[in-house]
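Chemist: Encoded as structure tokens, here's the structure I'll be asking about.
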Amino acid sequence: MRLNKGTVRLVSIVVALAAVGSLLLSACSSGQGGSSASSGTVTIEYWDWWVTQGPTIDNEIKLFQEKYPNIRIKKTTQVTDKYPELLQLAFKGGNSPDVFLIPDTPQLNEQVQQGWLMPLNKWASKEWQSTFPATAFAEGSNVLNGKIYTVPYDGPGPWLQLYVNTKLFKEAGLVDANGEVKLPKTWDEVRADAKAISRQGNGKYYGFGFGNKQKFALPWQMMMAQNAGAADAQTGFDARVGQYAWASNPVYGNWIKFFLGMKEDGSIIPNAMSMDDEMARASFADGKFAMLVGGSWNMTGWKKTNPNFQDYAVAQMPYDGQEQASYFYTSPGGKGWAISSQTKHPEETWLWFQWLNSKDAAVRWVQAGQGLRVQPEANQLEYAPTQQFAQFMKLAQNDVKMAPAPGLQHPEMNQVKQQAVQPNIQAILEGLYTGQIKDYKSALQDLEKRQNAELARAIQDAQARGTKLDTSWWTVKDWDLTKDYGPTMATSPNK
């Protein structure tokens, strides 16, 4: 068919207008108030490992889909300890979720190097970044070579607390002159209270409990060392000396003696090693034991499984001696959710990512009692849903300090790939608790030696691959564990 000049001109105008319309539609879709960039219904795959937080995420999905009826969110909650492996398999198979909660392993920079994460700079404008604290973005953490890959969702706060069953404390007479429960502050007080409660329970209930079936709860108990002189009780690394210090720092051995002492007293519930974390949480609410280490997710878990349970209080993780010797720590940057590089719907996926990280969603998260969020505006006491959550919020104001982050000054440190050593601290604590390991000092010395050897090997390996490294970067001699370390080394590519 032949077209005359008028027809050609008309077709050209129509095509041009269509292109402009497409660009406008795409531009609108990058803001939360805009519409979808694709016609028809788009399904966004979303992964996390959250159980107790599930209802809150479900509510966000409901609200989001009401706002964007042409976008459906398909949520998958994976098993916690299988999540990293399942995510890796999904990426290898080319069917990764569009939005996912970033796992601890592999490290974030490794996930970026493997091409898992999509940079957010296309959407992460100055205006969007300004909705977060300046410390939320840091080169070497969640910003790599100027590209933003994620933003933290958690606000600064101790990620573990001590939960106290106030009914059992009162039955054991552990109250002050006004009849109020005396919350334990030190390890000695925890042990004495656990012993008194177990004696009162006479086999019906115990002073202390945990659930180690999933093989992560024993290191949680050891996090009591975090307020007692440990630089990092989770990993055992001490930046003040630039090495792992499981044996060199006596706080870990002292905690083991304290904890095994509670077991010898008969103060720990007998089935602690066979319960999982959720079973332990339910047993605590049912009055089977009086003290439980856990995070703020405990409170939302009880709302679901034991909705009438209110006989508990939230206390700071106890410390050794009369004064707190260290704190929980934070550093600039951090991680939360990410967008997959494999997504076929980047604009719609960004809308969901942006929604999850919005101030409104952050306020709803706090109001639901799920924890603190990175936006300070969300962490107001008026948003606390319960008295216990208000206790947690007050703890967070005083129990967190800024730690040094040499990796932000020297991003080359991220090229050091340490391999996990076995047996690790979890396996060692299991052996000590069950009696299979008798000598805790030798076990800690061996772990310290093996991890420091692995660090040295990993540094040498990175150097052999051409990375220029100085081993002194791992040491921060002037760090006082009782004070914020400064100056803050946060950077943002668009600020």
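The values are calculated or read from the model by the stated rules, or taken from the named source; none is laboratory data. Quantities reported herein were computed from a predicted structural model and do not represent experimental measurements. Every residue, glycine as well, gets a Cβ built from its backbone with ideal geometry; the counts of neighbours run over all protein chains shown.
Chemist: Among the candidates Trp255, Trp246, Trp220, which residue alone is at pLDDT 95 or above and within 28 Å of Ala384 (Cα to Cα)?
Modeler: It is Trp220.
Chemist: Just to be sure before I move on: is Leu63 closer than 17 Å to Trp355 by Cβ and of a type in the set (A, V, I, L, M) in the structure I sent?
Modeler: Yes.
Chemist: In addition: Evaluate the stretch 161-179: report whether one residue or more is part of a loop (DSSP other than H, G, I, E, B), modelled with pLDDT of 95 or more, under 28 Å from the mean Cα position of the chain (by Cα) and under 15 Å from Ala315 (Cβ atoms).
Modeler: The answer is no, given that none of the residues of the stretch 161-179 is part of a loop (DSSP other than H, G, I, E, B), modelled with pLDDT of 95 or more, under 28 Å from the mean Cα position of the chain (by Cα) and under 15 Å from Ala315 (Cβ atoms).
Chemist: Can you tell me how many residues within the stretch 226-262 are small (Gly, Ala, Ser) and not in a loop (DSSP other than H, G, I, E, B)?
Modeler: Summing the residues that are small (Gly, Ala, Ser) and not in a loop (DSSP other than H, G, I, E, B) in the stretch 226-262 gives 2.
Chemist: Let me ask you something else. If you check Ala247 against the conditions, is it over 23 Å from the mean Cα position of the chain (by Cα), of a type in the set (Gly, Ala, Ser) and within 19 Å of Gly294 (Cα to Cα)?
Modeler: No.
Chemist: Name the pairs: first residue in the stretch 100-111 and without any contact (Cβ under 8 Å) to a residue 60 or more places away in the chain and not assigned by TED's automatic domain parsing to the domain that holds Glu45, second residue surrounded by fewer than 16 Cβ atoms within 10 Å (Cβ to Cβ) and not in a strand (DSSP E or B), Cβ to Cβ under 6 Å, at least 6 apart or on different chains?
Modeler: Nothing qualifies.
Chemist: What is the residue count in the stretch 418-456 for residues that are more than 18 Å from Asp232 (Cα to Cα) and without any contact (Cβ under 8 Å) to a residue 24 or more places away in the chain?
Modeler: 13
Chemist: Taking the residues in the stretch 352-371 that are part of a loop (DSSP other than H, G, I, E, B) and modelled with pLDDT of 95 or more as candidates, determine which candidate is surrounded by the most Cβ atoms within 10 Å (Cβ to Cβ).
Modeler: Restricting to residues being part of a loop (DSSP other than H, G, I, E, B) and modelled with pLDDT of 95 or more, the top hit is Asn357.
Chemist: Only residues that are within 15 Å of Ile44 (Cβ to Cβ), among the aliphatic types (A, V, I, L, M) and surrounded by fewer than 20 Cβ atoms within 10 Å (Cβ to Cβ): list them for the stretch 62-89, please.
Modeler: Leu63, the sole residue that qualifies.
Chemist: Just the residues that are part of a loop (DSSP other than H, G, I, E, B), in contact (Cβ under 8 Å) with a residue 60 or more places away in the chain and not aliphatic (A, V, I, L, M), please, taken from the stretch 271-309.
Modeler: Those that are part of a loop (DSSP other than H, G, I, E, B), in contact (Cβ under 8 Å) with a residue 60 or more places away in the chain and not aliphatic (A, V, I, L, M): Ser274, Asp276, Gly287, Lys288, Gly295, Ser296.
The rows are residues; the columns are (1) surrounded by fewer than 16 Cβ atoms within 10 Å (Cβ to Cβ); (2) without any contact (Cβ under 8 Å) to a residue 60 or more places away in the chain; (3) assigned by TED's automatic domain parsing to the domain that holds Trp302; (4) not in a strand (DSSP E or B).
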site: Thr150; (1), (2), (3), (4): no, no, no, yes
site: Glu189; (1), (2), (3), (4): yes, no, yes, yes
site: Ile197; (1), (2), (3), (4): no, no, yes, yes
site: Trp220; (1), (2), (3), (4): no, no, yes, yes
site: Met224; (1), (2), (3), (4): no, no, yes, yes
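Chemist: Ok, one more. Within the stretch 95-126, can you find the residues that are of a type in the set (A, V, I, L, M, F, W, C), modelled with pLDDT of 95 or more and within 10 Å of Ala338 (Cβ to Cβ)?
Modeler: The answer is Val99, Phe100, Leu101, Ile102, Val112, Trp116, Leu117, Met118, Leu120.
Chemist: Grab the helices (runs of 4 or more DSSP H) fully contained in the stretch 378-495, keeping just those with 1 or more residues being modelled with pLDDT under 95 and not assigned by TED's automatic domain parsing to the domain that holds Phe132.
Modeler: Fully inside the stretch 378-495 and qualifying: 406-409.
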